[in-house]
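Student: Pasting a structure below so you can have a look.
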Amino acid sequence: MNSGNIIQISVKPSTPGEHGLPKKPVDSAEIHFGGVDGDYNNYRQEKKKGEPDMAVMLITRGILDDLKKEGWPVGNCDLGENLTISDLAYASIEPEQKYRAGTALLQISFKCEPCTYLYSLPYLGEKKGPEFFKTVKGRRGWYARVLEEGVVKTGDQISLEE
């Protein structure tokens, strides 16, 4: 399947003394070349100098469901994604694909790899961060660059552009 629906948009503003996870849901957001309006990604801004290939992060609901079935207490926006998508197979997403999300056009850059902040997520309970870190390798989501700025709303379709 080459399309899905945006079931959640998540952002976290820069807040002194706080990490960027988990993000909070919003009903709609403007997507700019530099990222999702209202969202500040510490790693992208401070370590990667605003890397445009990391402007938006997306994940499929299927990956989050798989992690839950494996016993991990994760939900929408817990892994740092900006867009949580239903009805799109994670395995069908590939670098360089272009997706229309609302009125924005995104191009998949590369898979997001786990960061060491995952070691200390407060909602992991008794399970340890290093185990979770290994578990989400290759399943944390995808980064995308913004080719056309636009607006995205919860419920909008996200579809592969041919």
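Student: Which ³J(HN,Hα) values in Hz, rounded to whole numbers, follow from the phi angles of region 5-11 under the Karplus curve 6.51 cos²θ - 1.76 cosθ + 1.60, where θ = phi - 60° and Gly and Pro get x?
Tutor: 10, 7, 9, 7, 10, 10, 9
Student: Pull up the cross-link candidates among the aspartates and glutamates for Lys24, meaning alpha carbon to alpha carbon under 17 Å and not fewer than 8 places away within one chain.
Tutor: Of all the aspartates and glutamates, those that pass the test against Lys24 - Cα under 17 Å, at least 8 places apart if same chain - are Asp37, Asp39, Asp78, Glu81.
Where a number appears in this text, it was derived from the coordinates with a stated rule and is not lab data. Note that the structure is predicted; figures quoted are calculated from it, not measured.
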